[in-house]
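A short write-up of the structure that comes next.
The values are calculated or read from the model by the stated rules, or taken from the named source; none is laboratory data. Quick caveat, the model's predicted, so the values are computed rather than measured. Here the Cβ is made from the backbone with ideal geometry for all residues, glycine too, and neighbour counts use every protein chain on show. Heavy atoms of the whole protein, side chains included, go into the accessibility calculation; ligands, DNA and RNA do not. Shrake-Rupley method; radii C 1.70, N 1.55, O 1.52, S 1.80 Å.
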Amino acid sequence: MTVVRHGFLGALLPDHRDRLLVFAHQVSFPSGTRIFEEDGVADRFWIIRSGLVALDVHVPGRRAAVVETLGEGELLGWSWLFEPYRWHLGAQTRAAVQASEFDAERVRAACEEDPAFGLAVTNCVAQVIARRLKSTRTRLLDLYGPPQ
């Protein structure tokens, strides 16, 4: 298996990266596949090896607004780490995707067993959340903010 060493995995120390990868299995999604829906059960996550995934948010009375597009090395899904384990956004492939998929329950259990590993994973996920929040805010202001 070819492992991307930048992006989310690159932010982890080698020992933590290797520990996380024990839980990975490889999946693929054709272009146009809906991977998950906003408010659905977040029971897994992915690290994209190739392809593109658009993250979107439901906007009442309008079609979903794409807030960010993810590519190689990026974490797809962070809601699996925090209760109530529900997706905050939706995700759909824009190009065929190859990814490493992780079972959230197994990874959470490993994080509890090894606090250093858990802290490392949580810190990396928190960095992703901070970037996504900024990106989402900016995109929604572009789409729906008052004209200047």
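Legend: P(r) of the stretch 73-148 from all alpha carbon pair distances, 5 Å bins from 0, whole percents, reading 3, 11, 19, 23, 18, 12, 7, 4, 2, 1, 0.
Rounded to the nearest 20 debye, what is the charge dipole size of the chain about its Cα centre when +1 sits on each Lys and Arg Cβ and -1 on each Asp and Glu Cβ?
Approximately 560 debye in magnitude.
Farthest towards the positive end of the charge dipole of the chain, among the residues Ala109, Ser50, Ala126, is the Cα of Ser50, using unit charges on the Cβ of Lys, Arg, Asp and Glu.
Taking amide H atoms as placed 1.01 Å from N in the peptide plane, the amide H of Ser50 lies under 5 Å from those of Gln98, each 5 or more residues away in sequence or on another chain. Whole-Hz Karplus values for the stretch 64-73 come out as 4, 9, 6, 10, 6, 10, 9, x, 3, x Hz, taken residue by residue from phi with 6.51 cos²θ - 1.76 cosθ + 1.60 and θ = phi - 60°; glycine and proline positions read x. Working from Cα pairs under 8 Å separated by at least six residues, relative contact order for the chain is 30 percent. How many angstrom separate the Cα center of the stretch 23-45 from the Cα center of the stretch 92-148? Here the answer is 13 Å between Cα centres. When the alpha carbon gyration tensor of the chain is reduced to an equivalent ellipsoid, the three semi-axes, largest first, read 27, 17, 14 Å.
Relative intensity of the stretch 1-66 on a log10 scale, I(q)/I(0) at q = 0.12, 0.14, 0.19, 0.26 Å⁻¹, equals -0.44, -0.58, -0.92, -1.27, per a Debye sum over C-alpha point scatterers of equal strength in the absence of solvent. In the chain, the portion of solvent-accessible area held by carbon and sulfur atoms comes to 52 percent [1.4 Å probe, whole percent, DNA, RNA and ligands not counted]. Between Asp103, Asp43, Asp114, the GNM of the chain built on Cα springs shorter than 10 angstrom shows Asp114 fluctuating the most. Note on Ser28/Ser135: beta-carbon distance plugged into 1/(1 + (r/R0)^6) with R0 of 35 Å gives a FRET efficiency of 0.85.
Which longest run of the chain has no exposed loop site in it, a site being trypsin sites (Lys or Arg not before Pro) in a DSSP loop with at most 13 other beta carbons within 10 Å, and the site itself not part of the run? Can you show the working numbers first?
Values: sites that count: Arg5, Arg62, Arg63.
My reading of the result: 64-148 is the longest stretch.
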